[in-house]
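The structure that follows is given in the form of structure tokens.
The values are calculated or read from the model by the stated rules, or taken from the named source; none is laboratory data. Predicted, not measured: the structure shown is a model, and the values here were computed from it. Ideal geometry is used to build each Cβ from the backbone, glycine not excepted, and the neighbour counts take in all protein chains shown.
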Amino acid sequence: MKTFNGRVLFLDRPDINTDEIIPAKYLTEISREALKPFLLEDLKLDGFDPATDIEKNNVIITRSNFGCGSSREHAPWALEANGINLVIAESFARIFRQNMFNCGMMALELPGDTIGRLFSQYSAEPAFAEADPDTGTITLSNNTQTEQIPFSISTFDRELITAGGWLNYADTKY
Amino acid sequence: MGKTLFEKIWKTHAVKEFTDGSTMLYIDRHLVHEVTSPQAFEGLRIAGRKVRRPDLTFATMDHNVPTTADRMTIEDPISRAQVEALEKNTIEFDVPLFGLGHPRQGIVHVIGPELGLTLPGLTMVCGDSHTSTHGAFGALAFGIGTSEVEHVLVTQTLVQSKPKTCRVEFTGRPGPGVFSKDMILKLIGTIGTAGATGYVLEYGGQAIRSLSMEARMSVCNMSIEAGARAGMIAPDDRTFEYIASGQRPYAPRNRQLDRAIAYWKILPSDADARFDRVITIDTNGLAPQVTWGTNPGMVIDIDMPVPGGEQAGGYSRTDAEKALDYMGLTPGTRMTDVAVDVVFIGSCTNSRIEDLRLAADILKGRRKADHVDLLVVPGSHEVREQAIAEGLDKIFEAAGAQWRFAGCSMCLAMNPDQLRPEQRCASTSNRNFEGRQGRGGRTHLVSPQMAAAAAVAGKFVDIRKWQV
């Protein structure tokens with residue numbers, strides 16, 4: 001199983017699409033590791049600089065419809081190559097969400113007002129998050145506060161994470 | 001209670017139902033292209049596995065291939081390696097390939113129907129989100145990731161959660177100059193880019209029934225831009241006529257076709273079938289649509305001003321301002337005052353013969369504005385040949401267009417056809433995301449006739465009123 005913890009990168013915009021996560025011009029790469037330098041390279045958000053902000057963070061918290069657009073599994077691969085195995089959002093596009101779990105990574109949904117509160121309470125200074133698929137809780141903390149937030153996950157998705165992705169899961173089942 | 005088209009296909013393809021509600025589905029057709037398959041074939045090789053049904057698996061090259069006459073020599077070594085990997089993989093695993101130079105090569109979602117691979121009642125998957133296109137024939141067709149591609153290659157099945165159903169009723173009759181592209185853009189503008197997440201859409205109503213198969217494909221193609229799992233249209237006589245016509249080597253013929261049609265006729269949703277949700281869009285008085293922002297839901301009527309402030313079509317002021325800043329537009333500007341640098345007619349949304357005929361109707365006897373680059377890129381080699389047989393190529397070339405070979409081309413900036421920063425493009429493709437057509441490029445999604453007219457006028461025009 002992968003690890004689901006680290007410092008949090010807050011991306012404050014809905015509808016961040018797969019072309020922004022990894023531009024199509026890099027999809028010619030055959031190895032996953034080759035995608036590493038290009039994650040979110042053209043995303044323009046106030047206070048976000050991919051050159052410095054990706055390396056130090058291992059969790060993303062963002063708004064609604066993250067990962068909309070193409071079916072490219074290169075999007076989770078580019079995250080994984082940068083050690084980001086956990087994305088928490090108000091909602092995800094269907095194929096992206098499935099691709100995350102199929103790669104043994106977690107795409108967790110929290111209600112919009114909770115996401116809004118996390119942005120206002122935690123995004124100003126360094127924050128850390130950890131998700132535990134067994135207990136179904138996210139632990140979020142910074143220098144002054146810590147809290148636990150429950151999340152729901154289906155049995156199938158939990159088994160995908162435990163197995164380290166769908167192909168490993170399928171190998172153990174049939 | 002009756003069943004929907006979707007429920008009938010789901011039920012007949014369920015191999016196994018799991019306790020958590022997910023279902024293992026049998027997959028009837030697996031379409032493969034060069035970009036999302038190499039890692040999956042590599043997975044098979046490492047595990048020592050074979051493709052379970054190479055006879056139900058079909059490959060083509062479309063995303064990264066050049067579209068110029070010298071396309072057989074791919075200069076970019078990484079793109080070339082990806083294309084060569086597909087050639088090698090299809091030979092090793094015995095999968096039919098409609099590769100570069102093959103007379104049936106083209107965009108995967110254009111050649112599927114042409115070859116007779118796309119048929120009513122089938123389950124179809126491809127490592128590409130626009131697989132929803134095939135739903136125009138009454139198939140359940142959806143995009144998958146590369147892990148799933150590998151799973152289908154090995155098992156010919158896929159485990160999926162069951163989506164909800166949504167009926168989209170297009171009532172009325174669109175006027176002249178308004179096309180199926182405008183209908184689907186209007187829907188996405190109405191419900192948003194996540195408006196159909198979790199649903200399979202079934203399109204119906206008078207305005208859908210009167211569409212050609214090509215026009216229906218444009219509607220289903222963009223279902224994913226509303227977040228839908230798939231888009232479907234019930235098969236009817238028009239569907240059967242398309243399948244029975246032309247050179248479609250994989251379509252049933254003669255007695256097999258008669259038997260197939262008898263089955264296809266029981267597929268449409270029953271009169272008493274219930275949908276989880278119903279949306280109605282009136283096409284009476286619908287205007288040609290044009291996107292103003294950086295996702296397909298940011299769309300307005302051509303005769304409306306660029307929105308802004310508090311009335312930006314459901315988008316927050318901040319999101320609208322960011323989109324307009326990227327697009328180089330200011331609120332209040334008339335779209336008909338906005339000049340274009342490039343016009344792209346092509347992509348799996350609008351590159352079929354009917355799309356090219358519609359564009360040619362506008363371009364015939366006219367010439368593009370001097371400052372505009374006009375690309376016309378057929379969706380398949382067959383479309384190209386048909387267009388040449390009808391003399392459309394002569395019309396395009398006389399209008400100053402670059403008449404290309406088949407491929408995804410300028411839809412997605414992973415081949416030589418790309419926008420330069422700040423170039424503004426009227427495009428018949430499906431995504432106007434930042435950088436989609438090239439870093440810094442500004443995309444406005446429109447119908448083929450709107451795109452062709454923009455090339456002539458050098459700016460957007462309302463084709464309902466336009467006189468040269």
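Out of the residues in region A:55-76 that are polar (S, T, N, Q) and over 17 Å from A:Phe4 (Cβ atoms), which is surrounded by the most Cβ atoms within 10 Å (Cβ to Cβ)? Don't jump to the end; show me each part of the working.
Here is the first cut: in region A:55-76, the residues polar (S, T, N, Q) are A:57-58, A:62, A:64-65, A:70-71.
Applying the additional criterion that residues be over 17 Å from A:Phe4 (Cβ atoms) yields A:64-65, A:70-71.
Numbers: A:Ser64: 21, A:Asn65: 25, A:Ser70: 31, A:Ser71: 29.
Result: A:Ser70.
Continuing with this model, one more query. Scan region B:193-210 residue by residue and report those that are more than 20 Å from B:Arg274 (Cα to Cα) and either crowded, with 23+ Cβ neighbours inside 10 Å or touching a Cys at 6+ places or on another chain (Cβ under 9 Å) (or both).
Hits for region B:193-210 are B:Thr193, B:Ala194, B:Ala207.
Moving on. Which of (1) over 19 Å from the mean Cα position of the chain (by Cα); (2) away from chain A (no Cβ under 14 Å) does B:Gly198 not meet, given it meets every other one?
The one condition B:Gly198 does not meet is (2).
Name, by its number, the condition in (1) in contact with a strand residue (DSSP E or B) (Cβ under 9 Å, 6 or more places away or on another chain); (2) within 14 Å of chain A (Cβ to nearest Cβ); (3) farther than 23 Å from A:Ile95 by Cβ that does not hold for B:Val83.
Unmet for B:Val83, out of (1) in contact with a strand residue (DSSP E or B) (Cβ under 9 Å, 6 or more places away or on another chain); (2) within 14 Å of chain A (Cβ to nearest Cβ); (3) farther than 23 Å from A:Ile95 by Cβ: (1).
What's the total number of residues in region B:339-385 that are among the basic types (Lys, Arg) and crowded, with 23+ Cβ neighbours inside 10 Å?
Narrowing region B:339-385 to residues among the basic types (Lys, Arg): B:352, B:357, B:364, B:366-368, B:384.
The next check asks that each one be crowded, with 23+ Cβ neighbours inside 10 Å; those that pass are B:352, B:384.
Going through region B:339-385 one residue at a time, the tally reaches 2.
Follow-up question, since we're still on this one. Tell me, please, whether a residue that is within 25 Å of B:His130 (Cα to Cα) and surrounded by 19 or more Cβ atoms within 10 Å (Cβ to Cβ) can be found in region A:117-126.
no
Please work out which residue is surrounded by the fewest Cβ atoms within 10 Å (Cβ to Cβ), limiting yourself to region B:32-52 and to residues that are more than 12 Å from chain A (Cβ to nearest Cβ) and aliphatic (A, V, I, L, M). Explain how you work it out, then say what you get.
The initial filter retains those residues of region B:32-52 that are more than 12 Å from chain A (Cβ to nearest Cβ), namely B:32, B:45, B:48, B:50-52.
If we keep only those that are aliphatic (A, V, I, L, M) too, we end up with B:32, B:51.
Values: B:Val32: 30, B:Val51: 23.
Ranking the candidates gives B:Val51 first.
Taking interchain pairs and intrachain pairs at least six residues apart, which have beta carbon atoms under 7 angstrom, with the first residue in region B:154-177 and under 30 Å from B:Gly43 (Cα atoms) and within 10 Å of chain A (Cβ to nearest Cβ) and the second at pLDDT below 95 and buried (at least 17 other Cβ atoms within 10 Å of the Cβ)?
Final answer for the pair search is B:Val159/B:Ser22; B:Gln160/B:Ser22; B:Ser161/B:Ser22.
In contact (Cβ under 8 Å) with a residue 24 or more places away in the chain, in contact with a helix residue (DSSP H, G or I) (Cβ under 9 Å, 6 or more places away or on another chain) and charged (D, E, K, R): is that true of A:Glu55 in this structure? Step through it out loud before you land on a result.
Values: in contact (Cβ under 8 Å) with a residue 24 or more places away in the chain: yes; in contact with a helix residue (DSSP H, G or I) (Cβ under 9 Å, 6 or more places away or on another chain): no; charged (D, E, K, R): yes.
Here the answer is no, as A:Glu55 does not meet what is asked.
Now a separate question. Among the residues of region B:117-132, how many are over 14 Å from A:Ser71 (Cα atoms) and in a helix (DSSP H, G or I)?
Applying the first criterion (over 14 Å from A:Ser71 (Cα atoms)) to region B:117-132 yields B:117-124.
Now narrow it down to the ones that are in a helix (DSSP H, G or I): none.
Looking only at that region, the number is 0.
Just wondering, is there one or more residues in region B:326-349 that are outside any loop (DSSP other than H, G, I, E, B), within 14 Å of another protein chain (Cβ to nearest Cβ) and closer than 30 Å to B:His63 by Cβ?
To start, the set of residues in region B:326-349 that are outside any loop (DSSP other than H, G, I, E, B) comprises B:326-327, B:334-337, B:339, B:342-345.
Next cut, within 14 Å of another protein chain (Cβ to nearest Cβ) only: B:326-327.
Now restrict to residues that are closer than 30 Å to B:His63 by Cβ: B:326-327.
Yes, region B:326-349 contains a residue that is outside any loop (DSSP other than H, G, I, E, B), within 14 Å of another protein chain (Cβ to nearest Cβ) and closer than 30 Å to B:His63 by Cβ.
What helices (runs of 4 or more DSSP H), lying completely within region B:147-244, carry at least 2 residues that are closer than 18 Å to B:Leu122 by Cβ? If you could, list the steps in order and put the result at the bottom.
On the way: elements: B:180-191, B:206-209, B:213-221, B:237-244.
Helices (runs of 4 or more DSSP H) meeting the threshold: B:213-221, B:237-244.
The conditions are (1) at pLDDT 95 or above; (2) more than 28 Å from B:Thr193 (Cα to Cα); (3) surrounded by 18 or more Cβ atoms within 10 Å (Cβ to Cβ), and A:Gln145 fails exactly one of them. Which is it?
(3)
In this structure, is B:Ile300 in contact (Cβ under 8 Å) with a residue 24 or more places away in the chain, of a type in the set (Val, Ile, Thr) and farther than 26 Å from B:Ala369 by Cβ? Explain how you work it out, then say what you get.
Working: in contact (Cβ under 8 Å) with a residue 24 or more places away in the chain: yes; of a type in the set (Val, Ile, Thr): yes; farther than 26 Å from B:Ala369 by Cβ: no.
No: the conditions fail for B:Ile300.
Same structure, new question: Look at region B:206-243 and say how many of its residues are more than 15 Å from B:Thr4 (Cα to Cα), in contact (Cβ under 8 Å) with a residue 40 or more places away in the chain and not aliphatic (A, V, I, L, M).
Adding up the residues that qualify gives 11.
If the requirement is being loosely packed, with under 15 Cβ neighbours inside 10 Å and under 25 Å from A:Pro23 (Cα atoms), which of these qualifies: B:Thr12, B:Thr73? Outline the logic, then answer.
Numbers: B:Thr12 fails: under 25 Å from A:Pro23 (Cα atoms).
From the options B:Thr12, B:Thr73, the qualifying one is B:Thr73.
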